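Read through the structure below, which is laid out as structure tokens, and then see the notes.
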């Protein structure tokens, strides 16, 4: 790793018994990053809302907004129910924060206009990327010490995006050129990158979005037939398509092997997040009273999930915590 910076600031509030959080600093993604494809916000019918009502009772939903922002997104959540997200300001720059039990704590990396730290693992490592609109560096923040570490840049790629990191410190992401295209998915093992190639993919290839402690990776790619989710298990590639869907995107995977993804199934073809396990897609409930799409991006081992939803005012974040039986 090429650079480390330790930032000293006031001790933040303790978040749960497992994590003592000292300094908080860092960010969010450039405009358009980590978003579903265009045209995926068709309103749900009342019938669809009624079908999800009983499933929704199993979760406690929290809406996450930032004053003055029309784009808020939660991206990762750990087993202590500490979640990470980001938002865009009035100038289109991105900023990150941590969420726990209804409280938000900002993360900033000085000297960087756009910071996208969207994932937090069970060892208190926040993972993402920092930089500007045309240059991004994958980065790790250790919460206990406030220490930042920037991963090496990928040769020939000015945009390097950190997505998720497991508890062994193995991370996944993608590197793109300065036009946010020609992307290459990667896995970081703590010392070096390895790159994933899927035959027949087209640009932009979005690459991996999630990894669990067994090293199973989940992501998204495009080919001449459309958009697909995939599972990569020790070099074995499995393509995942929600039956009848006009496209499928992979978002995360937990240690139980449950895959978080979203697709656009019939009859209405609005975006639907759900869990894929053993070839079966089980829809997740939407945010209460959300008339348009709910997209889940992060899933922990407890079955909690987080993401974003839309209304006429923009994108809002949410955290859904599973209730005890």
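Every read-out reported here was derived from the displayed coordinates using simple, explicitly stated rules and does not represent laboratory data. Please read all numbers here as calculations on a predicted model, not as lab measurements. Quick reminder, even Gly has a Cβ in these numbers, built from the backbone with ideal geometry, and neighbours come from all protein chains shown.
Quick notes on this one:
- Take the Cβ atoms of residue 101 and residue 189, set R0 to 22 Å, and the FRET efficiency comes out at 0.05.
- Whole-angstrom gap from segment 159-189 to segment 80-150, using each part's C-alpha centre: 15
- Sequence of 306, 183 once ranked by neighbouring C-beta atoms within 10 Å, starting from the fewest: 183, 306
- If you bin all the Cα-Cα distances of segment 104-178 at 10 Å, starting from zero, the percentages per bin are 21, 55, 23, 2.
- Sorted by Cβ density within 10 Å, fewest first, the residues 65, 178: 178, 65
- Stretch gain in nm, segment residue 214-residue 70, where the contour uses 0.36 nm per residue and the Cα spacing is subtracted: 48.2 nm
- Sorted by Cβ density within 10 Å, fewest first, the residues 271, 154: 154, 271
- In terms of the mean number of neighbouring beta-carbon atoms within 10 Å, the peptides 274-286, 95-107 order highest first as 95-107, 274-286.
- Paramagnetic reach from residue 58 (point 7 Å along Cα→Cβ, amide N under 11 Å) across segment 240-281: 275
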